[in-house]
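So the structure is just underneath, and the comments pick up after that.
What follows draws every value from the coordinates through simple rules; no lab data is involved. Everything numeric here is computed off the predicted structure, so don't read it as measured data. Quick reminder, even Gly has a Cβ in these numbers, built from the backbone with ideal geometry, and neighbours come from all protein chains shown.
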Amino acid sequence: MQLKHHVPIIILMLSPIAMLLIVLLSVLYGARDIDASTVWNAFFHFDEANVNHQIIMHSRLPRAVGSLLIGAFLAISGALMQGMTRNYLASPSIMGISDGSVFAITLCMIFVPTATSMDMIVFSLIGSALGVAIIFSLATLLPNGMSPVGMAIIGVIIGTFLSGISAAISSYFQISQSVSFWYNARLDQMEPKLIMLAIPFAIVGIILALLIAKSVTILSLGEEISTSLGQRTLLVKLVATASVVILTGISVALAGKIGFVGLIIPHIARFLVGLDYRWVVPCAGVLGAVFLALSDVLSRFMNYPFETPIGVVTALFGVPFFLYLIHKRGGGKHA
Amino acid sequence: MRKSTARYWAAMLTCAALVLAATYMSLTNGKFDMTVMDVIKTLLRIDPVPEHDLVIFEFRMPRIVTAALIGFGLGIAGAVIQGITKNGLAEPGILGINAGAGAAIVIFMFLFQGTMTDNGLLATLAMPLFGLIGGLGAAGCIYMFARRDGSLDPQRLILVGIAISSGFGAISLYLSLKMKPDDFEMATVWLAGTIWNANWEFILSMLPWLIILTPILMWRAPILDLFQLEEASAISLGVATEKEKSIMLLCSIGIVSACVSVSGSVGFVGLLAPHMARRIIGIQHKHVLPLSGMIGMLLVVVSDFIGKTVFAPVELSVGIVLSIVGVPYFIYLLYRAKKR
């Protein structure tokens, strides 16, 4: 246990350096060759007329920052969900929450065509809340619903359902292309303005996550234990869910659907720092940030000079890891 | 016993009648309106009009036949897979077989893009084969990861399936992005699960699989009943469980792959049809299997008709219609199952 406490501190201390390095990588490499001195100048002697400077400050930097943030949000959401439900498969992408967001955004595009970026974020939040609500209530209503397999299947089914409706509505109103453009991994379209708008939400979400982390640790021991220790489990679940909804909602609003980050990073975090969610939550956050930003850099090289959707890159790492988890931990035991 | 047989035939006949009714609706309705007489005259070859021939034989008929065949195939395969895994939530799509077959076919399109149009029939016949290889590949992965201590754990099967399915999905997406624009369009339309570009060649290419593999499954249906017991009891009754599981899984995968190679990934049929069939005639698999096929047929033909007409002028792919109609019903089913 003594040793375990060093690990999270080391991770958290090293993370700023890692993040800085990745931001540098991300800014330096891209479809257009820009040398390091130009990057330096863009940061410190910004020249409005220089196209390269424009690219660095208005495209590559927001993109790097955005991918760091989204990675962190998704990983924290995943960690909270896994702790809260004691379900090692719980995660924003598997549970169909992103599909709820997409559904709401589709409605928003049709009925509120004048919506601002802020409205979109709000709609995205409402949508992810809707997704969570549907899936959790079904999971409690249905036989075996809270088991990993049950929840995964309900998530997949509801996800398919919501995205089916979204597809139907959007093709009826002939906005399929803009919807698909909107939610299919838009890391390359990151708008600085949107990031700024998302930050207040993110702060609330992360603070909630950190505040509730200790209670989630107790909850992850089991509902009975948690209740007998005098914890108000329902309150804890509500706060944790609120945090998940906020963080997942803004992630989708910023970049669309990105799978697997929220699933695998919490596992890695727990593997490294143990089961105390006071450490798991922040460590998952920084690990997720680094992972997604790295995947984003990779996505530019897999099919150079074309970009590969970030979802493909994360699945490339995510799927083998997921299989390993199932193989190692066994499905039956947790089902 | 008598009663259940009578009930089975009644259900089969009702389904067949409904399929015919849906076929009739589908034949007469569409962008090009035809009267009943037109359709009948065209079908019976009474003073044929070339225009009507074109609409009926080249556009509407192949589509309906394809819908019927894939519905039948997916329904039966779903019933078998649910029987083997003893899990009412299992489905070819959830197990990743669709995605595996899909990825293989995208690879096929990718490798042979351009040459595909030249030798039409040969390429068409090769597609289900590629699909089969992909389906088998997916099944192989599932087998490898879901096996533990020499037996196939049904729960793990599903978890691994979900992973495999998203992995192959990513591969398909990646490859389809590297294609030429024309092929890309074809690949994406196809990946969404659609049958609008159905033609007789496709039907010809999938038919052998259905004709050969369906009887094998029907013949083994009683063994599925034994699988519902504890594994040990089935073994003690003299069933070579692992061998039987493998044979039946292989046959189902063959059918699913052939269907997917024609229609893309059409989900939910394999999930819904067996549930509905079991509700109607109970758990005997020699009845459940064919009835699942018939219900699947009905579901896909009707969904295709809905997708074609309700949202006109836009066409919805049959997969989307199925998920919108099917999910609420499916949840209702699960809910009922708990209350009982």
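How high is the FRET efficiency from residue B:312 to residue B:286, r the C-beta distance, R0 30 Å, rounded to 0.05?
My answer for the efficiency is 0.15.
Peptide B:86-97: average number of partner chain Cβ atoms within 10 Å per residue?
Average neighbour count from other chains, rounded to a whole number: 2.
Assuming 0.36 nm per residue, please report the length gained on full extension of the stretch residue A:302 to residue A:117 beyond their Cα-Cα distance.
Contour length minus Cα-Cα distance gives 63.5 nm.
Assign one of three labels to the range A:126-250, namely rounded, prolate or oblate, based on the Cα gyration tensor with a ≥ b ≥ c the square roots of its eigenvalues; rounded applies when a/c is under 1.5, prolate when it is not and a/b is larger than b/c, and oblate otherwise.
Oblate shape, in that a/c is at least 1.5 and b/c is the bigger or equal ratio.
Taking the simple approach of a point 7 Å from Cα along Cα-to-Cβ for both residue A:321 and residue B:177, what is their distance in nm?
Reported label-point gap for residue A:321 and residue B:177 is 1.9 nm.
Restricting things to Cα coordinates, could you compute the convex hull volume per residue of the protein assembly as shown in Å³?
Hull volume normalised by residue count: 178 Å³.
FRET efficiency for residue B:207 and residue A:189, Cβ-Cβ distance as r, R0 = 41 Å, nearest 0.05?
Plugging the Cβ-Cβ distance into 1/(1 + (r/R0)^6) gives 0.35.
Under 5 Å between amide hydrogens, which residues at least 5 positions from residue A:303 or on another chain qualify, with H placed 1.01 Å from N in the peptide plane?
Residues meeting the amide H criterion: A:308.
Taking every eigenvalue of the Cα gyration tensor of chain B, multiplying by 5 and rooting it, what semi-axes result, largest first, whole Å?
After scaling each eigenvalue by five and taking roots: 33, 26, 17 Å.
Along the Cα-to-C-beta direction of residue B:86, a point sits 7 Å from the Cα; which residues of the range A:68-97 have their amide N less than 12 Å from that point?
Label zone hits: none.
Taking the Cβ-Cβ separation of residue A:234 and residue A:173 as r and a Förster radius of 45 Å, what is the calculated FRET efficiency to the nearest 0.05?
0.70
Using the alpha-carbon centroid of each, what span in Å lies between the range B:202-248 and the range B:298-336?
Cα centroid of the range B:202-248 versus Cα centroid of the range B:298-336: 29 Å apart.
So how tilted is helix A:148-172 from the main axis of chain A? Cα-based, degrees 0 to 90, rounded to 10.
The answer is roughly 40 degrees.
Run the helix sum for chain A: -39,500 (n - 2.57) per DSSP H stretch of 4+ residues, divided by residue count, reported at 222 nm to the nearest 500 deg cm²/dmol.
-25500 deg cm²/dmol
If you take each beta carbon of peptide A:157-163 and count the beta carbons of other chains within 10 angstrom, what is the mean?
6
Suppose every K and R has +1 on its Cβ and every D and E has -1 on its Cβ; what is the size of the dipole of the protein assembly as shown about the Cα centre, in Debye to the nearest 20?
Value, rounded to 20: 2220 debye.
To the nearest whole number, what is the average tally of beta carbon atoms from other chains within 10 Å of the beta carbons of peptide A:308-321?
The mean count of partner-chain Cβ atoms within 10 Å per residue comes to 4.
Just to confirm the number: angle between the C-alpha axis of helix A:192-219 and the first principal axis of chain A, 0 to 90 degrees, nearest 10?
Approximately 20 degrees, to the nearest ten.
Helix B:181-191 versus the longest principal axis of chain B: what is the Cα-based angle in degrees, 0 to 90, to the nearest 10?
Helix B:181-191 sits at roughly 50 degrees to that axis.
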